[in-house]
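First the structure, in the form of structure tokens, and then the observations on it.
The values are calculated or read from the model by the stated rules, or taken from the named source; none is laboratory data. None of the values given here were measured: they were computed from a predicted structure. Here the Cβ positions follow ideal geometry from the backbone for every residue, glycine too, while neighbour counts run over all protein chains shown. We work out accessible area using only protein heavy atoms, side chains counted, and drop any ligands, DNA or RNA first. Shrake-Rupley method; radii C 1.70, N 1.55, O 1.52, S 1.80 Å.
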Amino acid sequence: MDPDDLGILEEIRKKVDSIIGSLDGEAATTAPTVTLPPPGALDSRVIETFQKISSILDPQELLAAIMASVIDITGAQRGFIMLMEDGSKLRFKVGVGITQETLSSREFSTTMIKRVIQGGEAVFMTDAIAGGDASASIASLGLRTLICVPLIFGGGDRGEERVGGVIYVDSTDEVESLSKEAMRLVQALARQAAVSIENSRIFDKADRDRNEILQLKESIAKLYEVGQSLSRTLDLDELLVLVTDHAIGISKAERGYVMLLEGKGESRTLVYKVGRDDRRRTLQESHFAFSKSMAEAAIKAKKAQVLTDTSDSGSTSVSIVQMELQSVMCVPLLEKGEVIGLLYIDSKMSNKEFGPTDLELLESLAGSAAVAIVNAKLYLAATEQARMAHEMDRAAEIQRQLLPKSFPDVDGLQIWGLMVPAREVGGDYYDFLPHADTTESLTICIGDVSGKGVGAGMVMTMARTVLHSLIASQGVPTSTTPILQNLNTLLCGSVKRGMFMTALVCNWWARHRSFRFTPAGHEHVLVYRHQAPAPPGVDPTSIAAYRSAAAAYGECGKTECTRSGGVALAVIARANEMMQEKEIILAPGDQILLYSDGVTEARNEGLEELGLDCLVGMFGKWGHLPPEALCNKIHDELKAFRGSAVPHDDITLVALRCSA
């Protein structure tokens with residue numbers, strides 16, 4: 001061998017070692033070195049081959065170069081290289097005149113390959129057709145000569161020697177058959193090839209490790225940026241747009257969507273929230289088509305679903321095929337192990353197939369997004385709760401402003417009113433309206449607006465304003481029916497559909513001790529008769545006893561229950577035609593009790609309602625008390641009955657006692 005050639009080869013070896021060392025210190029220390037043959041042992045073609053393959057670090061390019069060199073040096077017609085991978089699996093890597101399909105067919109014999117792998121010795125067979133040791137398949141292929149040389153890896157400081165593959169060539173040419181010299185050249189080349197293959201593997205691993213580290217750093221940077229971005233907002237709509245844009249950005253998808261599960265239990269359904277494209281344009285729900293089977297699988301398995309072969313019609317929805325999508329990924333949004341929605345991306349590009357890295361990034365994004373979405377929902381709920389609390393405070397203030405500041409003096413009647421608002425302010429209202437220039441008469445109103453909050457408060461304000469105006473315009477109204485009819489007409493034209501108000505408008509006439517009233521769907525009017533004898537042996541002291549005593553008080557005439565009837569206001573204008581005024585004549589000591597449904601429908605911890613009978617029993621026992629004491633006593637009994645249960649409606653009581 002020319003000393004100059006040796007010098008060149010040594011320089012190539014040093015450069016290779018230097019490249020490997022710069023990529024990975026560990027790789028440089030473990031990479032095998034080239035064992036050079038003595039000068040004059042090989043011809044110039046082999047030296048050139050050594051130089052060539054020693055400088056190639058790409059694994060596939062190296063194998064192709066080795067195969068081409070073996071064919072060139074030996075003059076073989078065809079050949080291939082196989083390597084051991086994943087422990088003990090012999091895999092076809094490169095071939096000339098032979099393909100993977102050829103090796104798998106009956107057109108090729110693996111007998112010699114197995115012999116070389118198991119024995120670790122090269123096999124040279126010449127005149128294979130005439131030779132007695134040829135297999136039937138070799139003879140049938142018409143092979144004249146073949147060479148199969150093991151690729152020996154390891155040895156020395158590289159560990160124990162082991163067969164890691166084979167180089168195989170053969171020929172059917174009778175004139176240009178392969179020689180033993182050719183086998184010697186292949187064996188020499190195989191030794192150098194094994195070293196170069198190990199070097200390329202180390203370099204490739206170092207390169208892949210470096211790329212993985214770079215990708216990891218890039219992914220961490222992206223996810224950090226995403227986390228920072230998502231933490232800047234608590235607005236749910238804005239957050240969902242950010243999540244979708246980031247999903248498209250890190251995966252290079254063309255479209256992205258977010259769907260959230262809404263509802264409770266088994267009735268939860270996926271609801272479209274936002275759709276975006278890679279130009280950050282918003283996509284309407286009408287343009288959104290997705291694979292329901294993928295979505296259902298992602299929710300059920302709580303695991304991402306990836307579809308990269310949309311040509312398989314058996315596993316692809318019609319919508320995906322129609323939209324010509326090439327790759328789809330559906331990732332569940334998981335919060336504390338529960339699916340709260342889905343992050344869905346897709347692409348029509350044939351060169352964009354979502355891979356493991358895309359999946360890892362999107363799953364990390366989905367995890368951060370799920371937490372951010374839950375936080376945004378909690379913030380939205382807290383904001384809404386604060387708004388509702390503010391609205392309830394306003395409604396409570398409206399309610400307080402509507403109630404009488406003081407009770408007017410009126411002939412022959414003691415009066416008292418009590419209204420206790422619930423936690424959620426309702427629409428209870430009561431009022432005493434004096435008549436112009438007289439104390440002989442008085443108008444009493446009680447009502448209950450459906451609904452809660454500011455809306456109910458506004459209807460109450462409207463009703464109160466109208467009632468005060470009507471009473472003032474009439475001076476001393478002779479009938480309560482026209483007042484209620486006018487109020488109904490106004491509310492029917494002003495109140496939104498679905499809201500209504502029950503009411504009683506009453507007039508007291510001291511001269512006749514007459515109590516006239518027109519009902520509009522409100523609670524019944526209770527009367528306590530002072531002169532009527534109490535039922536013997538009846539002295540209720542419990543809720544159950546009050547209920548039982550109601551019938552006894554009614555039978556002896558101690559209490560009366562006058563049915564109100566009528567249709568609630570703001571329901572239909574024709575209700576005016578059905579309104580009728582009723583009259584109750586009182587004797588001294590008799591008392592009337594008006595109330596709202598918050599009294600009779602009050603519930604205890606067991607969700608048991610107080611009921612009308614219980615109220616009648618209380619009124620029968622305590623009706624002899626002055627109005628203020630009566631209202632307070634009933635309210636105390638009501639609180640005792642309710643216990644720790646939260647009141648769900650306002651409590652209103654109005655007591656009117658005939659004094660002369």
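For residue 180, a cut-off of 23 angstrom between C-alpha atoms picks up these lysines, skipping any fewer than 8 places away in its own chain: 114. Distance between Cα centroids, the stretch 536-551 to the stretch 363-386: provide it in whole Å. Taking the Cα centre of each part, the stretch 536-551 and the stretch 363-386 sit 55 Å apart.
The alpha-carbon positions of the stretch 509-657 define a convex hull whose volume is 117 Å³ per residue.
Over the stretch 421-495, average the accessible area per residue using a 1.4 Å probe and give it in Å², no decimals. Provide the component values of the computation, followed by the final result.
Values: 2750 Å² over 75 residues.
Result: 37 Å² of accessible area for each residue.
Here is the P(r) of the stretch 384-435: all C-alpha pair distances, binned every 5 Å from 0, give 4, 17, 25, 18, 13, 10, 7, 4, 2, 1, 0 in whole percents.
Computed over the stretch 486-545, the Cα gyration tensor eigenvalues convert (square root of 5λ each) into semi-axes of 36, 20, 6 Å, ordered from largest to smallest. In vacuo Debye scattering of the stretch 594-660, one point per C-alpha: log10 I(q)/I(0) at q = 0.12, 0.19, 0.23, 0.26 Å⁻¹? Values, matching the q order: -0.29, -0.70, -0.98, -1.21. For the stretch 402-505, applying the loop criterion from DSSP together with a ceiling of 16 other beta carbons within 10 Å to the chymotrypsin sites (Phe, Trp or Tyr not before Pro) yields no site. Using only alpha-carbon positions in the stretch 525-608, the gyration tensor eigenvalues give semi-axes of 29, 21, 9 Å once each is multiplied by 5 and square-rooted (largest first).
Residues of the stretch 240-271 falling in the label zone of residue 233, defined by backbone nitrogen less than 13 Å from a point 7 Å along Cα to beta-carbon, are 240-247.
Here the Karplus relation 6.51 cos²θ - 1.76 cosθ + 1.60, evaluated at θ = phi - 60°, turns the backbone of the stretch 432-449 into coupling constants of 10, 10, x, 9, 4, 6, 7, 10, 8, 9, 7, 9, 10, 10, 9, x, 8, 8 Hz, with x for every Gly and Pro.
For the peptides 376-388, 538-550, residues were scored by their other Cβ atoms within 10 Å and the scores averaged per peptide; the highest-first order is 538-550, 376-388. Its residues counted as N, the stretch 443-590 yields a C-alpha radius of gyration over 2.2 N^0.38 Å of 1.22.
A Förster distance of 41 Å, applied to the separation of the beta-carbon atoms of residue 659 and residue 384, puts the FRET efficiency at 0.20. Over all projection directions, the Cα-based convex hull of the stretch 376-501 averages an area of 8.9 nm². Based on every Cα atom in the stretch 348-446, Rg and the maximum pairwise Cα distance Dmax equal 30.0, 95 Å.
Take 86-98, 66-78, 578-590 and order them by the average number of nearby Cβ atoms within 10 Å per residue, most first; the result is 66-78, 578-590, 86-98. Using R0 = 51 Å, the C-beta based FRET efficiency linking residue 280 and residue 608 works out to 0.30.
For the cross-link pairs 558/639; 348/377; 264/452; 292/348; 558/582; 89/348, the ones whose C-alpha atoms lie over 29 Å apart are 348/377; 89/348.
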